[in-house]
Amino acid sequence: MAVPSADTVKVPDLQRLPGLRQYLASLTGRERARAQSRLSGLGEADLAGLGVSEPQLVERDYRVEEISGVIPPDLRGTLYRNGPGRWQDHTGRPLHHLFDGDGMLSAFTIADGAVHYKNRYVRTSHYTGKSGTRHLGTPAAGGWPANIGRFMPNLANTNVVEHAGHLYALWEGGPPHEIDPDTLETLGVRRFGGELRWMGSYSAHPSICPGTGEMFNFGVEFIPRPHLRIYRTNARGRLGHFRSVPLPYVAMVHDFAITERYLVFVVSPIIPDAVPVALGLKSLGDALQYQPRRGSVFILVPRAGGKVRQIESEAVMVFHLSNAYDDGEDTVVDAIRYEDGRLLKRIARFQSSSLDDAPSVFARYRITKTGRVLDEALCDEPCEFPRHHGGFEGRAHRYSYFNTRRHLGSFYDSITKLDLADRVATTYTTSGAGNSFCEPVFTPKADAVNEDDGWLLSVEYRADSHTSQLVILDAADLERGPVATAGLTHHVPQGFHGNFVPRAM
Ligand SMILES: [Fe+2]
């Protein structure tokens with residue numbers, strides 16, 4: 001790649017982006033020139049929207065005064081969200097990878113037409129400065145001697161999930177941190193009586209069966225051989241080992257889905273180049289490679305016990321699955337599928353990267369009784385962060401909701417509802433240049449009859465004021481736009497995942 005000299009490329013207004021300024025200043029000359037070159041390729045809207053990646057260092061707790069529209073009277077509960085809030089270690093050194101930031105929780109508590117906002121960092125060992133400075137995508141300072149044999153810190157930055165009366169901040173490489181649902185204080189690391197052994201890997205995407213109240217989840221372990229270690233937590237919160245299933249190779253597995261019969265895993269060949277990582281020469285984030293020649297495996301684990309089905313297929317590149325269900329003898333699973341592995345490189349340098357050369361589609365896979373994998377694209381707009389009605393988890397559902405983009409190249413400026421029966425997509429796109437949305441979370445209305453009788457909750461970054469707002473949309477009438485918004489006095493970084501916990505009326 002040709003690298004323009006640093007003084008000939010267009011760069012954003014760094015005065016209003018102190019986090020980006022510090023990040024660029026921390027890079028070596030060649031890396032900095034590459035980052036500036038990437039930034040110079042962004043359009044005006046993307047440059048305006050870069051503020052959503054600025055860190056948010058202040059913890060707040062206040063009643064939101066800027067309300068527009070009418071907060072639905074039946075909407076009562078808390079939207080919890082999680083995501084990296086600052087990309088720096090305790091020495092203040094900027095970190096490079098999207099996944100490297102400390103987990104910052106937000107709580108939007110909605111009741112009686114009003115909204116209360118609170119944010120708080122998870123008090124992990126990393127946040128409190130008690131762990132090292134080696135990260136997924138940023139090596140520790142000091143070269144290979146400082147990196148060899150070091151584990152990554154648990155950042156608790158990926159999801160926040162309530163089950164059996166407990167709230168957990170999740171990160172896939174280690175055990176959950178339990179969080180006080182009212183104060184967002186960190187109550188401690190939870191290993192469930194030692195059931196989460198060794199590193200305690202526990203994915204950030206557990207799946208709760210609406211029929212039984214059980215929460216299934218898994219961790220990826222590599223010793224003595226790569227395998228999925230699957231857990232089942234009963235409705236009273238007691239976690240137990242369900243079973244272990246071998247993986248075909250050392251792979252990053254981020255998500256899974258359930259049906260009424262199976263747990264469904266789609267293994268993508270996202271494989272680390274292990275030797276330079278082991279020698280401390282490369283970060284794991286930079287060593288992850290998409291290796292399509294290794295192929296993929298669809299793994300179906302019977303919930304009632306019995307033989308695990310492993311169906312090999314041509315390679316598919318996925319992080320997030322949507323829903324899955326049994327269809328006669330077939331199993332159907334929906335997923336966000338990427339064209340190739342370019343996303344891995346973009347998120348490794350997220351402060352200066354555009355995603356629009358790493359296209360994705362909303363895809364459906366059907367695994368037949370005879371072991372064939374059939375696929376079709378149901379929506380070909382670039383998309384991410386799929387959600388659906390939680391009451392249809394593991395069952396045939398009609399509507400999926402996810403982020404798409406129409407104008408931006410770096411983030412998602414739209415929320416799309418996909419009718420899986422009619423194969424019709426409807427979309428709401430923000431009108432603000434540089435504005436972007438996080439994942440839309442669905443919660444049903446109190447008097448819901450149809451599957452889409454509910455509210456979609458998202459957080460919109462407002463580029464012109466460098467603030468964020470809670471956005472409430474009617475899922476049955478998405479194109480109308482927000483029925484209400486609650487404007488914060490500051491911004492919330494993009495974030496990853498969250499969930500709405502209703503409270504009794
Ligand atoms: Fe995720």
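The values are calculated or read from the model by the stated rules, or taken from the named source; none is laboratory data. The structure displayed is predicted, hence computed values, not measured ones. Because the Cβ atoms are built from the backbone with ideal geometry, glycine has one as well, and the counts that use them run over all protein chains shown.
The figures follow:
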{"item": "Hey, Tyr338 surrounded by 17 or more Cβ atoms within 10 Å (Cβ to Cβ), touching a His at 6+ places or on another chain (Cβ under 8 Å) and within 25 Å of His397 (Cα to Cα) or not", "result": "no"}
{"item": "Condition met for Arg346 (farther than 30 Å from Gln22 by Cα, basic (Lys, Arg), surrounded by 15 or more Cβ atoms within 10 Å (Cβ to Cβ) and within 20 Å of the chain's Cα centre (by Cα))", "result": "no"}
{"item": "Meets criteria (modelled with pLDDT of 95 or more and in contact with a helix residue (DSSP H, G or I) (Cβ under 9 Å, 6 or more places away or on another chain)) for Pro276", "result": "no"}
{"item": "Candidates Leu378, Leu374 - the one that is over 20 Å from the mean Cα position of the chain (by Cα) and more than 26 Å from Val308 (Cβ to Cβ)", "result": "Leu378"}
{"item": "Filtered residues of the range 268-302 (kept if part of a loop (DSSP other than H, G, I, E, B) and free of Cβ contacts under 8 Å to residues at least 60 places away in the same chain)", "result": "Ser268, Pro269, Asp273, Gln291, Gly295"}
{"item": "Exclusive hit being more than 25 Å from Gly390 (Cα to Cα) and of a type in the set (S, T, N, Q), set Asn159, Asn154", "result": "Asn154"}
{"item": "Within the range 252-267, tally of residues that are aliphatic (A, V, I, L, M), outside any strand (DSSP E or B) and crowded, with 22+ Cβ neighbours inside 10 Å", "result": "1"}
{"item": "Some residue of the range 120-132 being within 16 Å of the ligand (Cβ to nearest atom), touching a residue at least 60 places away in the same chain (Cβ under 8 Å) and crowded, with 21+ Cβ neighbours inside 10 Å", "result": "no"}
{"item": "Strands (runs of 3 or more DSSP E) enclosed by the range 155-229 - at least 3 residues per element that are farther than 19 Å from Arg303 by Cα and at pLDDT 95 or above", "result": "159-163, 166-170, 177-179, 186-189"}
{"item": "Count of the range 432-459 residues which are free of Cβ contacts under 8 Å to residues at least 40 places away in the same chain and closer than 18 Å to Tyr80 by Cα", "result": "1"}
{"item": "In the range 308-317, the residues that are among the hydrophobic types (A, V, I, L, M, F, W, C), away from the ligand (no atom under 15 Å from the Cβ) and in a strand (DSSP E or B)", "result": "Ile311"}
{"item": "Hey, Ser40 closer than 16 Å to Phe108 by Cα and surrounded by fewer than 17 Cβ atoms within 10 Å (Cβ to Cβ) or not", "result": "no"}
{"item": "Residue that is surrounded by the most Cβ atoms within 10 Å (Cβ to Cβ) [pool: residues in the range 284-298 that are small (Gly, Ala, Ser) and modelled with pLDDT of 95 or more]", "result": "Ser296"}
{"item": "Unmet criterion (only one of (1) in a loop (DSSP other than H, G, I, E, B); (2) among the aromatic types (Phe, Trp, Tyr); (3) within 16 Å of the ligand (Cβ to nearest atom)) for Tyr249", "result": "(3)"}
{"item": "Within the range 45-80, considering residues that are assigned to a strand (DSSP E or B) and crowded, with 21+ Cβ neighbours inside 10 Å, the one farthest from the chain's Cα centre (by Cα)", "result": "Thr78"}
{"item": "Filtered residues of the range 366-414 (kept if of a type outside the set (A, V, I, L, M, F, W, C), within 16 Å of the ligand (Cβ to nearest atom), in a loop (DSSP other than H, G, I, E, B) and closer than 30 Å to Gly51 by Cβ)", "result": "Tyr412"}
{"item": "Restricting the range 478-505 to residues that are away from the ligand (no atom under 16 Å from the Cβ) and among the small types (Gly, Ala, Ser), the residue that is farthest from Lys445 (Cα to Cα)", "result": "Gly487"}
{"item": "Options Gly113, Gly83; residue that is surrounded by 23 or more Cβ atoms within 10 Å (Cβ to Cβ) and touching a residue at least 40 places away in the same chain (Cβ under 8 Å)", "result": "Gly83"}
{"item": "Residue count, the range 318-365 (criterion: of a type in the set (A, V, I, L, M, F, W, C) and part of a strand (DSSP E or B))", "result": "11"}
{"item": "Residue, surrounded by the most Cβ atoms within 10 Å (Cβ to Cβ), within the range 460-481, restricted to residues that are charged (D, E, K, R) and within 16 Å of Ala448 (Cα to Cα)", "result": "Asp474"}
{"item": "Hey, Pro176 farther than 24 Å from Lys130 by Cα and touching a residue at least 12 places away in the same chain (Cβ under 8 Å) or not", "result": "no"}
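Listed here are the residues, each with its yes/no results for (1) surrounded by fewer than 19 Cβ atoms within 10 Å (Cβ to Cβ); (2) aromatic (Phe, Trp, Tyr).
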site	(1), (2)
Leu300	no, no
Ala304	yes, no
Val316	no, no
Asp326	yes, no
Phe350	no, yes
Ser354	yes, no
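So that you can scan it fast, the table gives a plain yes or no per residue for (1) under 21 Å from Leu167 (Cβ atoms); (2) within 16 Å of the ligand (Cβ to nearest atom); (3) in contact with a helix residue (DSSP H, G or I) (Cβ under 8 Å, 6 or more places away or on another chain):
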position	(1), (2), (3)
Ser203	yes, yes, no
Leu239	yes, no, no
Val253	no, yes, no
Ala257	no, yes, no
